[in-house]
Amino acid sequence: MKKRFQFTAAFLAAIMVMPFGMIHASAYDDCDVNHDGYVDVSDAVALELYLSGDHYASDYNRFDTNKSLTVDSADVDKILATISLQSYSAQFWDKENFCGYSFPTVSGFTPDSYASSTSARLYRKYVYSTQQDSTYYLTPATAAFNNNSAPLPDRAIVGSDDRVESSGTVNTGIVRLKGIDGQGTGFIVGDHVIATAAHNVYDIYHSGGYFKRTAPTIYSYNTAGSMLSTTFTPIEVHVPYNYGYYLTDEERLALDYALITVSDDLSNYYHFSLGTTYNVSSENYSNIPLYVLGPYEEKNNDVNEDELFYGQGNIVEHSSAEYTGSLLYYDCDTLSGDSGAPVYTITQVSTGGVTYFTYSVLAIHAYSNTSNPCVWNSGTRITKYQLQFYYNNTNISY
């Protein structure tokens, strides 16, 4: 697999020949993520290590260089623009209204529930060809940053079915999972790696849980959002070890993520990037459009899984504050076949005279609320555990 930390090596090689400088930051600049008093290449490297799942910091809000309340690739771009003396601006993008929204202004730092934990997480993997499963641990590595005392800068269907047909390169990053006992969605995060929800590949309702023994058929989509006859060959599947055991619904949802490796080379397909969030609330994120992209099913009583549609909405509050660190709640329209779909934001970035969009997955859609009326759907939030699991996992093969 082309892991993200391998990209970091290429990233390093590329930036070392670019005309970057070192900018002194007497009071910590937003881009001085390692707090050494300078904004330089080392800050970009530190952020890339975090996004690759190679290191983490409990106060990872320091990585949020553009103050979007999301740590993602757009923050790396701001560092690179700063040290190359180029302009930088960014805003959240609203596809429905074709306009941008400024980032919210929020002071303080509220970490996710796992941000300060140093505990390892146990995983299970199942190889389809041999029908063998095994376990392994992944332990997050803490980043060695300075701790200077200088002050830091402040930092289902809901209502009617409003999903919209999707088009563009991003569609090629979506896959359809079909099995003998259900269907689901996944999205590409590496050259041989697909992210999805754990319940798509693991049965939680019998004897404490077990892997679904029959490999799913995995279909791809084209840029027009039409499902193709092209399929990928699954090799193995990984889930958190405790998923499927006797947990509450929300405890299980916090672990409802999985990866599938395929033998096919996915380098020419769209790769979604993962991002982490903090200070998540409907108030702080009130103007941030959120999207869920999945197959078109049962819209207006029609059934057609051959097309991709996206639902647009916003983050909503939920009474279970205990799990806000590991779950994300939103009013984007979804259906059961969307389980495993990316829940993402779109950021419009302008730097050096070039404007482009970045797509950052904040959660993996896991649960469609079937209550009537439906007021929220939910997904498993991206934290340091998922970054390591998908991007820096030495226990996978293809």
Taking a probe of 1.4 angstrom, what is the accessible area of Val280 in Å², to the nearest 10?
40 Å²
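Among residues other than Tyr398 whose Cβ falls under 9 Å from its Cβ, what is the net charge (Lys/Arg +1, Asp/Glu -1)?
My count for the surroundings of Tyr398 gives -3.
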Would you kindly find the accessible area of Thr380, with a 1.4 Å probe and non-protein molecules such as ligands, DNA and RNA excluded, rounding to the nearest 10 Å²?
0 Å²
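The values are calculated or read from the model by the stated rules, or taken from the named source; none is laboratory data. Worth saying up front: this structure is predicted, and the values here are computed from it rather than measured. Here Cβ is always computed from backbone atoms with ideal geometry, including for glycine, and neighbour counts include all displayed protein chains. Just the protein is used for accessible areas: all its heavy atoms, side chains included, with ligands, DNA and RNA removed. Shrake-Rupley method; radii C 1.70, N 1.55, O 1.52, S 1.80 Å.
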